[in-house]
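The values are calculated or read from the model by the stated rules, or taken from the named source; none is laboratory data. In this text, all values refer to a predicted model and were calculated from it rather than measured experimentally. Cβ coordinates were reconstructed from backbone atoms using ideal geometry, including for glycine residues, and neighbour counts include every protein chain displayed.
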Amino acid sequence: MGLMLNETLSNERLKKVTVNWAYRRQVDKNWYSEVLDGKGLYYISTKFGTNYTPRYIGQTYNNYFARFIDHDWYWLNEYRGTKFFRLGSIEYPTGKSKDEMKQLYVDVESALIYEMKKLYKDKLRNVMSTKTYEPSHLYVIRNIGYRGELPEVISMRDH
């Protein structure tokens, strides 16, 4: 299941991406914060008892707040437990054009969903992007920070 970080990163044919994940925040009536004005990846989970279960992985190139409003959150009520989200920002690579960054977000989102779908079977809500999953490049994704249940390293070559 897990990859050896040095082995994976030493493969020069794969491009490298680093995603820094923030600590989880509870979805509640007062969940808005200035950090939601940013853009990037997000990961929604539920906690029931002591177990966290991933429910949704997404990305936005506009801002988190607008994207979260689009979700309406109604579907989260189908799940028992406390609802959480965490935000992820791509720290590397840098210096890409706006269009290249948009594509990178899409590719990384699809890879994260694909990987988590393997680990959590029917728990993830959004798996459609894995049916038409054709990344523009092959990446090795390194998840750092408060990554929760996300694997530390994901190789798109394995998909």
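Below is a table of values for the structure above.
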item: Top-ranked residue in the range 124-143 [being more than 16 Å from PHE85 (Cα to Cα) and at pLDDT 90 or above; ranked as farthest from the chain's Cα centre (by Cα)]; result: VAL140
item: Meets criteria (at pLDDT below 80, over 20 Å from LEU14 (Cα atoms) and part of a helix (DSSP H, G or I)) for LYS121; result: yes
item: Sole residue being modelled with pLDDT of 80 or more, of a type in the set (Phe, Trp, Tyr) and farther than 19 Å from VAL108 by Cβ, chosen from TYR79, TYR42; result: TYR79
item: Pairs where the first residue, in the range 83-104, is among the hydroxyl-bearing types (Ser, Thr, Tyr) and the second is surrounded by 13 or more Cβ atoms within 10 Å (Cβ to Cβ), C-beta under 6 Å, 6+ apart; result: SER89/ASN20; SER89/GLY40; TYR92/THR18
item: Residue in the range 24-39 that is assigned to a strand (DSSP E or B), within 12 Å of the chain's Cα centre (by Cα) and over 22 Å from TYR92 (Cβ atoms) present; result: no
item: Filtered residues of the range 1-27 (kept if modelled with pLDDT under 50, exposed (fewer than 15 other Cβ atoms within 10 Å of the Cβ) and within 16 Å of GLU149 (Cα to Cα)); result: MET1, GLY2
item: Residue, modelled with the lowest pLDDT, within the range 50-76, restricted to residues that are part of a loop (DSSP other than H, G, I, E, B) and not aromatic (Phe, Trp, Tyr); result: ASP72
